[in-house]
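The values are calculated or read from the model by the stated rules, or taken from the named source; none is laboratory data. Keep in mind that what you see is a predicted model, and the values were worked out from it rather than measured. When we count neighbours, we look across all protein chains shown, and the Cβ atoms used for this are built from the backbone with ideal geometry, even at glycine.
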Amino acid sequence: MHMADALLAPGVAGAMYLCSAAAAGRSLQKLDREKEDELVPVMGVMGAFVFAAQMINFTIPGTGSSGHLCGGMLLTAVVGPYAAFLTMIGVLLIQCLLFADGGLMALGANVWNMAFYGCFVGVLIWKAVMRRGVTRRKIIAASVLGCVLTLQLGAFSVSLETLASGITALPFKAFLLTMQPIHLAIGLVEGAITAAVLVFLHEARPSLLWQAGGADANQKMTRRGVLGVLAALAAVTAGLLSLFASAFPDGLEWSLQRLTGSTELDAEGPVQAFFARIQNFTALLPDYNLSGSDSAAGASAAGLIGAAVVLAAVVVVGKILKKAAHRHGSTASRH
């Protein structure tokens, strides 16, 4: 559901940057209060896993379309909404800059559509379902309900942002009625994938699930062991399984194709051109392959590099933020 710059007017794109920045600022404030020293590596590994999972487009039978994991609901169920939102920003930023996946001018909108709902609406669903304890059935119910609802909200936002921009000939009603059903199907598949991962965590190490209080008694695997499994899965997914991703257009591209005959629209205007030049300079691995390569080996290498960059970036930035929060707390205590 990565929006391209061609769908957005600069004013709408700027407004979405402000909305996403406000949510990021609030998340940073809340993350500063996080006392769990082991949260940062979990954020890094889960971020790499989500990045890798997003590389795999799965076919939606009978439609000629495909979808991929967004990951906000999955991350929230593990690290909580604030850490999840910041991790999602890292994933989307690296996808945008390094792989040219989603427009740079549209990044604020993509963060809002793909991360805000999954993290901050998803957490409300997670808390409501898990109110009286975490069970396998509740995990499955929360995963499916959360992914379906938050993806519907994201698809609606895409349609609304396109309407507000007014720079395309896309009819709002037709666009909306095309976007919502296909993303309902995608949400159901994402819910199943999310449930499978969270059920594994619940069976292997329940305490890794967010707010799973009292879960320490039955830990079949160590924290390091579970993170090792997830890191290995991320590597296999990014380096191997991504080669078998569906070639069909994703839900947004499919919707555009049905209404315009093309999966992409031309970006017009000096602001869009300015952001495109920046993105062309930063996209060292365009279209998830080595520059100038169409080989499977290049795609595997690009996927592995991307997952490693996400992991490293989230961990490094997380540690910097923790140190800054610690220094701030120490200064405040002296005063």
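Numbers at a glance
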{"quantity": "Meets criteria (closer than 27 Å to G102 by Cα, within 24 Å of the chain's Cα centre (by Cα) and of a type in the set (V, I, T)) for T237", "calculated": "yes"}
{"quantity": "Number of positions in segment 285-323 that are without any contact (Cβ under 8 Å) to a residue 40 or more places away in the chain and either outside any helix (DSSP H, G or I) or aromatic (F, W, Y) (or both)", "calculated": "7"}
{"quantity": "Qualifying helices (runs of 4 or more DSSP H) (wholly inside segment 205-284; at least 1 residues being in contact with a His (Cβ under 8 Å, 6 or more places away or on another chain))", "calculated": "251-260"}
{"quantity": "Qualifying residue in segment 228-236 (condition: over 18 Å from P41 (Cα atoms) and surrounded by 19 or more Cβ atoms within 10 Å (Cβ to Cβ))", "calculated": "no"}
{"quantity": "So V158, is it farther than 12 Å from A77 by Cα, in contact (Cβ under 8 Å) with a residue 12 or more places away in the chain and in a helix (DSSP H, G or I)", "calculated": "yes"}
{"quantity": "Any hit, segment 83-93, residues being among the hydroxyl-bearing types (S, T, Y) and farther than 25 Å from A204 by Cβ", "calculated": "no"}
{"quantity": "Hey, L104 farther than 15 Å from G72 by Cβ, part of a helix (DSSP H, G or I), at pLDDT 95 or above and not polar (S, T, N, Q) or not", "calculated": "no"}
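Condition check ((1) at pLDDT below 95; (2) surrounded by 13 or more Cβ atoms within 10 Å (Cβ to Cβ); (3) polar (S, T, N, Q)) across all residues:
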site	(1), (2), (3)
V197	no, yes, no
Q219	yes, yes, yes
R223	yes, yes, no
G251	no, yes, no
S293	yes, yes, yes
